[in-house]
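In what follows, a single structure is set out as structure tokens and then discussed.
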Amino acid sequence: MFITFEGIEGTGKTTQIQNIKKYFESRGKEVFLTMEPGGSRVGRELRKMLLHVDNKDLTPLTELFLYLADRAQHVAQVIRPELEAGKVVLCDRFADSTIVYQGYGRGLDTTMLQQLNEAAVAGLWPDLTIILDIDPEVGLKRATDRNIEEGKAMDEGRFEAEHISFHKRIREGYLTWAALNRDRIRVADASSSPNDVFERIKTIIEARFFATG
Ligand code: TYD
């Protein structure tokens, strides 16, 4: 079972992934948590490059190839082996982030992106993708407060520093992409309390994997 989580900054993705991990564990499953960018050893080096505020001069294509390199390595070295070992793999961001950030966000052609994603994932698509959806004004405020708290405003603030209009495009991009991929992608409203959001995600997972009749 391979499940990916997507959404703009500040949706509470990290908290929810932890909740879902506990949920699967309580059902006796072994869970492996991972993330992009940075889910493999080489990927952690790529992540530093991608997210540092000093690297504002990365061109959209350079950025794209670094994310794809991270993904190819992550799938081959981490995700596929963990799935083969029988674990539930929960991944914070995956191929849909590329479509939405590099495509709807930076303006690269989504058909080309999808082909490159196909190459990077080498047939390994998620069984389910959950998009946590929130108004960018609310999400960004949460993300900025958290960055300041964690002192990572300079090291990992490159995307948070984008103008609000960028984040609005990202949100719309996610919703458009979800509508085009209804068989795999579900959208969960993330504007309410963490507990409510968790209940929504649980309902989605149960309908997808544990529905009876
Ligand atoms: P991260 O700190 O993991 O963001 P979050 O906590 O919001 O998940 O940073 C990842 C950033 O990289 C995020 O802003 C989205 C961006 N990204 C892309 O632009 N393309 C991609 O393919 C991926 C995986 C991430």
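The values are calculated or read from the model by the stated rules, or taken from the named source; none is laboratory data. Small disclaimer: the values here were computed from a predicted structure and weren't measured. With ideal geometry, Cβ positions are generated from the backbone for all residues, glycine too; neighbour counts draw on all protein chains shown. Note: areas computed on protein heavy atoms with side chains; ligands, DNA, RNA excluded. Shrake-Rupley method; radii C 1.70, N 1.55, O 1.52, S 1.80 Å.
Numbers below:
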| item | result |
| --- | --- |
| Heavy-atom accessible area ranking, 1.4 Å probe, most first, across Arg27, Arg80 | Arg27, Arg80 |
| Highest-MSF residue in the chain out of Arg171, Arg47, Arg146 [GNM, Cα springs under 10 Å] | Arg146 |
| Net +/- balance of residues flanking His74 in space, Cβ distance below 11 Å, scoring K and R +1, D and E -1 | +3 |
| Heavy-atom SASA rank of Glu25, Glu84 (probe 1.4 Å, accessible area, largest first) | Glu84, Glu25 |
| Dimensions in Å of segment 1-155 - Rg and Dmax from alpha carbons | 15.6, 47 |
| Asn181-Glu150 FRET efficiency (beta carbon distance; Förster radius 30 Å; 0.05 resolution) | 0.40 |
| Rounded percent of accessible protein surface that carbon and sulfur make up, the chain, 1.4 Å probe | 53 percent |
| Nearest-20 debye value, the chain charge dipole, Cβ charges on Lys, Arg, Asp, Glu | 380 debye |
| Which of Ser97, Ser193 is most accessible, then next, and so on - probe 1.4 Å | Ser193, Ser97 |
| The chain - percent relative contact order, Cα under 8 Å, separation 6 or more | 32 percent |
| Net length gained if the chain between Glu137 and Gln77 were fully extended (0.36 nm per residue, minus Cα distance) | 17.9 nm |
| Cross-link partners of Lys13 among lysines (Cα-Cα below 16 Å; sequence separation of 8 or more within a chain) | Lys21, Lys22, Lys141, Lys202 |
| Relative contact order [Cα under 8 Å, 6+ residues apart], segment 1-122, whole percent | 38 percent |
| Theoretical gain in end-to-end length, Lys202 to Ala69 [0.36 nm per residue, Cα-Cα removed] | 44.7 nm |
| Average accessible surface area per residue within the chain, 1.4 Å rolling probe, Å² | 47 Å² |
| Antiparallel bridge percentage (DSSP; both residues within the chain; nearest 5) | 0 percent |
| Rounded if a/c under 1.5, otherwise prolate or oblate - segment 1-90, Cα gyration tensor axes | oblate |
| Most mobile of Leu175, Leu132, Leu83 in a GNM of the chain (Cα contacts under 10 Å) | Leu83 |
